[in-house]
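Undergrad: This is the structure I want to talk about, given as structure tokens.
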Amino acid sequence: MFSVAYAMGTGGGGESAGGGGLMAFLPFVLIIVIFYFLLIRPQQKKQKKHREMLGTLSKGDRVVTSGGMFGTIVGISDKDNIVVLRIGENTKVEFLRSSIAGKADK
């Protein structure tokens, strides 16, 4: 008879375990939220700002490429996404628009 009472007592404890399962996922959700605000969102803002900068490039702008080369824009082809940079007196080089890292300060 004691074994029956004992078995009945353990069955009631299983009901509260369902709420504990939900609470087990809370740290994972919290980690995902932290990663979003610390890593993903700032990267998206940076990419958006870079795309806007590439969209506003015009002739005469002094830029630096992702390879570290400085030059002045002398031509832009929107169709082919090519930017022609003057890097010397008589030296012009074509770059992809996406390889422009940013505008150089004068």
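Undergrad: Identify all aspartates and glutamates with a Cα-Cα distance to LYS103 below 19 Å; exclude those on the same chain that are fewer than 8 residues away in sequence.
TA: Output for LYS103: GLU52, ASP61, ASP78, GLU94.
Undergrad: Evaluate 2.2 N^0.38 Å with N set to the residue count of region 17-56, then give the Cα radius of gyration divided by it.
TA: Normalised Cα radius of gyration, region 17-56: 1.92.
Undergrad: Let me ask another. Based on the alpha-carbon gyration tensor of region 18-106, what equivalent-ellipsoid semi-axes (square roots of 5 times the eigenvalues) come out, in whole Å, largest first?
TA: 45, 12, 10
Undergrad: Write down the Å³ per residue value for the convex hull defined by the alpha carbon atoms of region 57-106.
TA: So the per-residue Cα hull volume is 69 Å³.
Values in this text are rule-based calculations from the coordinates and carry no lab data. Nothing here was measured: the structure is a model prediction, and the numbers come from that model.
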